[in-house]
Amino acid sequence: GGACARSGGKMASTAAGKQRIPKVAKVKNKAPAEVQITAEQLLREAKERELELLPPPPQQKITDVEELNDYKLRKRKTFEDNIRKNRTVISNWIKYAQWEESLKEIQRARSIYERALDVDYRNVTLWLKYAEMEMKNRQVNHARNIWDRAIITLPRVNQFWYKYTYMEEMLGNVAGSRQVFERWMEWQPEEQAWHSYINFELRYKEVDRARSIYERYILFTLLVLVHPDVKNWIKYARFEEKHSYFAHARKVYERAVEFFGEEHMDEHLYVAFAKFEENQKEFERVRVIYKYALDRIPKQDAQNLFKNYTIFEKKFGDRRGIEDIIVSKRRFQYEEEVKANPHNYDAWFDYLRLVESDMDAETVREVYERAIANVPPIQEKRHWKRYIYLWINYALYEELEAKASKRTRQVYQACLELLPHKKFTFAKMWLLYAQFEIRQKNLPLARRALGTSIGKCPKNKLFKGYIELELQLREFDRCRKLYEKFLEFAPENCTSWIKFAELETILGDIDRARAIYELAIGQPRLDMPEVLWKSYIDFEIEQEEYEKTRNLYRRLLQRTQHVKVWISFAQFELSAGREERLSRCRQIYEEANKAMRSCEEKEERVMLLESWRSFEDEFGTDATKERIDKLMPEKIKKRRKLQAEDGSDAGWEEYYDYIFPEDTANQPNLKLLAMAKLWKKQQQESEAAAMDPDKDIDESQT
């Protein structure tokens, strides 16, 4: 036997040695196939084949007890094997227990549920299926036992409590259901549990019990919750209202308002309170509730409250009430605007105009104080120009509307202290303050304010205002001193010199006035010298000092050769009222024409000649008229080349030029111009003759 085994082993090894290893097939064509199969396609096909219906298993007909027992044994073995494989899969336990229940094997099903609870007693579904099985099979005490165990084991699962109380109520065991609710309430559940208990009592008309539950719940929210919800109070009050306990309902609302106070005000509570009072026809109470809430709740949180207040006023209010609500709405809009941008002074002006028209003085002052607190962040005058009017309006309101002179003075002084006078000031504010003090018959304070303003921040407007004040008071010595200070501050201001001289003229001190004019025209820099010279000349004419006036004109012509000065000089000589006035006036025109020959502005020279011609037309002789006509220039049209800013050509421009006969340099031009005119006339005559040959024949026959 051993030999055979050895020989058999040799033969097997020889056969294995002779067996050839298969060669790897060589792929000759390595090009990709025409139809490609993607991974997505493979997965889709696999999914489609899963949906193919398998043929149903054959139906098995059980004919006797042995076959039934055999079937039960096989199924139980299958279930037990599944449980043994994975004990934590509760669905296997539930399927097993439901299968036993379908066979009416209740005891076995209980055993399976108990075994499952040993595995996972925190599984809610397991407890529910277990209890449902007992209830389905009318095993009430067993079901009670399971529910008791469930709520002891998992007291925070509300579903157990709901099912337990519902079962007791369906069995008609009201006392038992109430007892379960009481046990539940000891765990301080969420809001819905309390309301379920209340609804349970209301189903059996136990209003007093329901009220006591509400009280317990409200007490619970006060003690346990940090921020109790308003809706619980509202539900309690509506419960009392529904059962016609109106005094109790009002008391609940009042307790809620007192509890939440002003720190945690909620618009929903006040809307509900107001609607309750509206149902009780207590319209004044409703109005008070709405106004109280609107004054204290932030505007952005009171949209619904404001909407309901508007509806109430439209239904039950008078015209005044409707206007109040519209004003409140506009106030809310302005509050939103100024909150979004506190430096939007236009919004503040609109807001103040609104509150001034309808609110009491304290409210208006409060809004003004809020407005002026928004000082511009940059100390530049352009940023302060709108802001300063807040102070002005505030002061005017206190003076004219509130009749509070002391507060008005405080407003002006606070504003003047706020302004950065070293950088800029507002003369308007100083002058308004001084005028206010004068209205209060407090002249020393007004003078002190204006003196301070000139000392801190001298401005032309301040000097003018102060001088005007002293003029009205007929304090001429003070006016002289102020003009002296003013001219030291701004010696180039021609208007100040003129006003000072006019003041002296009115006072009859002609020499002082003339000295002031002499000082003025002697200043090296003036802002409007032509106005000053004209005023000085008019002053001398009024005094009928014609020689001094002529000297002034001569002095002025030494400084400027402007055509208007010459024309004014000539018209002065014409109006001097003496016999030689015409010759003097003509002489001035002659001098002006000679002086203007070198002027580049030909339009000014033309203006002079036209003025001279109008003079000659009125007062001259034929010879003088003929002479001035010969001096009038010829007006011709010319073209000149234009250049752009970058130096490129910009085309041609037409303009008018004047050629004066007096200028010797222009004589050839005038001769050429006359020849051109003659040639043009001949051309026009020849063209007319060519157009009408019959006329030429008739003329020749004639």
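The values are calculated or read from the model by the stated rules, or taken from the named source; none is laboratory data. Predicted model, so just to flag it, every value in this text is computed and none were measured. FYI the Cβ positions are ideal-geometry reconstructions off the backbone, even for glycines, and counts take in every protein chain you see. Remember, those area values only see protein heavy atoms, side chains included, never the ligands or the DNA or RNA. Shrake-Rupley method; radii C 1.70, N 1.55, O 1.52, S 1.80 Å.
Relative to the longest principal Cα axis of the chain, at what angle does helix 361-372 sit, 0 to 90 degrees, rounded to 10?
For helix 361-372, the angle is close to 80 degrees.
Relative to the compact-globule scaling 2.2 N^0.38 Å, provide the ratio for the alpha-carbon radius of gyration of the stretch 226-271.
Numbers: Rg = 10.4 Å, N = 46, 2.2 N^0.38 = 9.4 Å.
Ratio of Cα Rg to 2.2 N^0.38 Å: 1.10.
Highest first, please rank the peptides 521-528, 379-386 by the mean number of other Cβ atoms sitting within 10 Å of their residues.
On the way: 521-528: 12.1, 379-386: 13.8.
Ranking the peptides 521-528, 379-386 by packing returns 379-386, 521-528.
When ranked by the protection proxy of mean other Cβ atoms within 10 Å per residue, highest first, what sequence do the peptides 118-125, 139-146, 63-70, 195-202 form? Before the final figure, lay out the partial values.
Values: 118-125: 12.5, 139-146: 16.8, 63-70: 9.9, 195-202: 18.2.
Listed from highest to lowest mean packing, they are 195-202, 139-146, 118-125, 63-70.
If one takes the longest principal axis of the Cα atoms in the chain, at what angle in degrees, from 0 to 90 and to the nearest 10, does the Cα axis of helix 427-439 lie?
With rounding to tens, the tilt is 80 degrees.
Work out the charge dipole of the chain with +1 on the Cβ of Lys and Arg and -1 on the Cβ of Asp and Glu about the Cα centre, then indicate which of 614, 214, 426 is farthest towards its positive end.
About the Cα centre, the residue reaching furthest to the positive side is 214.
Roll a 1.4 Å probe over the protein heavy atoms and report the accessible area of residue 81 in Å², nearest 10.
40
If you put +1 on each Lys and Arg Cβ and -1 on each Asp and Glu Cβ, how big is the dipole of the chain around its Cα centre, in Debye rounded to 20? Walk me through the intermediate numbers first.
On the way: 124 positive and 119 negative charges, 1117 e Å.
Here the size comes out at about 5360 debye.
Tell me the label-point distance for the pair residue 255, residue 410, using the 7 Å Cα-to-Cβ offset, in nm and rounded to one decimal.
Reported label-point gap for residue 255 and residue 410 is 4.6 nm.
Label residue 40 and residue 245 with points 7 Å out from Cα along Cα→Cβ: what is the distance between them in nm?
Output for this residue pair reads 6.9 nm.
Stick to the Cα atoms of the chain, pair each with every other, and give me the Kirkwood hydrodynamic radius in Å at one decimal.
Details: mean 1/r = 0.0239 Å⁻¹.
About 41.8 Å, per the Kirkwood formula over Cα pairs.
Toward the positive end of the charge dipole of the chain, about the Cα centre and with charges on Cβ (Lys, Arg +1; Asp, Glu -1), which of 563, 79, 505 goes farthest?
The listed residue farthest towards the positive side: 79.
Take the alpha carbon gyration tensor of the stretch 110-224, find the square roots of its eigenvalues, order them as a ≥ b ≥ c, and report rounded if a/c is under 1.5; if not, report prolate when a/b exceeds b/c, else oblate. Walk me through the numbers before you get to the answer.
Values: a/c = 3.38, a/b = 1.66, b/c = 2.04.
Verdict is oblate for the stretch 110-224.
Give me the accessible area of residue 160, 1.4 Å probe, in Å² rounded to the nearest 10.
My reading of the accessible area for residue 160 is about 0 Å².
How many nm separate the modelled label positions at residue 54 and residue 191, each set 7 Å beyond the Cα in the direction of the Cβ?
If labels sit at residue 54 and residue 191, their model points lie 5.2 nm apart.
Could you give the length gained by full extension between residue 402 and residue 374, i.e. 0.36 nm per residue of separation minus their alpha carbon distance, to one decimal place? Provide the component values of the computation, followed by the final result.
Numbers: separation 28, 0.36 × 28 = 10.08 nm, distance 2.32 nm.
Here the answer is 7.8 nm.
For the chain, find the longest principal axis of its Cα atoms and tell me its angle to the long axis of helix 246-260, 0 to 90°, nearest 10.
Between the helix axis and the principal axis of the chain, the angle is about 70 degrees.
In deg cm²/dmol and to the nearest 500, what is the mean residue ellipticity at 222 nm of the chain if only DSSP H runs of at least 4 residues count, each as -39500 (n - 2.57), divided by the residue total? Show your work: numbers first, answer last.
On the way: 36 runs with 501 residues, N = 702.
It comes out at -23000 deg cm²/dmol, rounded to the nearest 500.
From the phi of every residue in the stretch 130-146, what ³J(HN,Hα) in whole Hz does the Karplus formula 6.51 cos²θ - 1.76 cosθ + 1.60 yield, where θ is phi - 60° and glycine or proline is x?
5, 5, 5, 4, 5, 5, 5, 9, 6, 9, 5, 5, 4, 4, 4, 4, 5
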